[in-house]
1. Within region 191-224, work out how many residues are among the hydrophobic types (A, V, I, L, M, F, W, C) and in a strand (DSSP E or B).
2. Going through region 18-39 one residue at a time, which ones are of a type in the set (F, W, Y), surrounded by 16 or more Cβ atoms within 10 Å (Cβ to Cβ) and within 17 Å of the chain's Cα centre (by Cα)?
3. Select from region 70-84 the residues that are closer than 30 Å to L205 by Cβ and either buried (at least 16 other Cβ atoms within 10 Å of the Cβ) or of a type in the set (D, E, K, R) (or both) and list them in ascending order.
4. Given the criteria over 22 Å from G178 (Cβ atoms) and either in contact (Cβ under 8 Å) with a residue 12 or more places away in the chain or not small (G, A, S) (or both), does R117 qualify?
5. What are the residues in region 166-187 that are crowded, with 17+ Cβ neighbours inside 10 Å and under 26 Å from the mean Cα position of the chain (by Cα), if any?
6. Is there a residue in region 204-227 that is more than 25 Å from the chain's Cα centre (by Cα), surrounded by 13 or more Cβ atoms within 10 Å (Cβ to Cβ) and within 30 Å of Q83 (Cβ to Cβ)?
7. Is it true that some residue in region 132-150 is in contact (Cβ under 8 Å) with a residue 40 or more places away in the chain, in contact with a strand residue (DSSP E or B) (Cβ under 9 Å, 6 or more places away or on another chain), under 25 Å from A66 (Cβ atoms) and assigned to a loop (DSSP other than H, G, I, E, B)?
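The values are calculated or read from the model by the stated rules, or taken from the named source; none is laboratory data. Note that this is a predicted model, so its numbers are computed, not measured. Note: ideal-geometry Cβ built from the backbone for every residue, glycine included; neighbour counts use all protein chains shown.
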Amino acid sequence: MNQPLLSLRFWVLTLAALVVAGGTWSLGQWQLRRADQKETLQAAIEAQNKLPALDERALAATKNIANDMHRTVAVRGQWLTQQTVYLDNRPMSGKTGFWVVTPLALQGTGQVILVDRGWAPRNFLDRTVLPEVTTPAGVVTVTGRIAPPPSKLYAFKGLDTGRLRQNIDLEGFRLETGLPLLPVSILQTGGPSEGLLREWAAPNLGVEKHYGYAFQWFGLCALVVGLYLWFQIIVPVRKKFTRPAEPAPQSPPPPQSSEP
């Protein structure tokens, strides 16, 4: 009765070990594929950065502008100062403040693009007090790189309109202002000016994170396989070959004579 039970237990543990090892191995492979995809994307971003900067006419004439994401630009235009928006709770260099976003009317194109101009500190005594930012009049030249619209944070009720906002929705802002906005924005680069800092973090796709996860999954797979081999194969075999030999049966003593 014990042998069938041992056999059933062996096969159940074998099946469980195969499922767990196979699953963790597949997850490790998936993390490596994700890392490879992001390395390809990082290479594409670096290639875009090496291309010549687009001017305002080339930017406005681009049919699929999303393909030029992260490409550098040097565009001329006029600030639409009255439409400036201050995005709250935005960090830079470990400090929290505002991202200042102003639409720029591209010179001679009839198109407008949002420009994330930089970061300004907030007043921690009164969050409604906006920082002093200088906006030049007339035609200006803005250098930067093409970027998606500013990222969105958790939307607090009542902070989706006005100059001080939590987020800016591109389509909603287009309807609100009636401006012919391009579907991307410009992240303005350069040194501090106009009361703004521009110490933008480099794009980080988190490739190292995927390699770390892959190492963990492969390590767990190796642990499962090692434990299975040790307890299901090696230990039983060692017990079999190190089992002490059974003592030989002893013959009964000869009968003792009852004669004196």
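1. Qualifying residue count, region 191-224: 2.
2. Those that are of a type in the set (F, W, Y), surrounded by 16 or more Cβ atoms within 10 Å (Cβ to Cβ) and within 17 Å of the chain's Cα centre (by Cα): none in region 18-39.
3. H70, R71, T72, V73, V75
4. Judged against the criteria, R117 is not a match.
5. Result: Q166, N167, I168, L182, V184, S185, I186, L187.
6. No; the residues of region 204-227 include none that is more than 25 Å from the chain's Cα centre (by Cα), surrounded by 13 or more Cβ atoms within 10 Å (Cβ to Cβ) and within 30 Å of Q83 (Cβ to Cβ).
7. yes
Yes/no matrix, rows are residues, columns are (1) outside the structural domain of L181 (by TED's automatic domain parsing); (2) in contact with a helix residue (DSSP H, G or I) (Cβ under 8 Å, 6 or more places away or on another chain); (3) in a loop (DSSP other than H, G, I, E, B); (4) in contact (Cβ under 8 Å) with a residue 12 or more places away in the chain:
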site: A66; (1), (2), (3), (4): no, no, no, yes
site: R76; (1), (2), (3), (4): no, yes, no, yes
site: D88; (1), (2), (3), (4): no, no, no, yes
site: G97; (1), (2), (3), (4): no, no, no, yes
site: T102; (1), (2), (3), (4): no, yes, no, yes
site: T109; (1), (2), (3), (4): no, yes, yes, yes
site: N123; (1), (2), (3), (4): no, no, yes, no
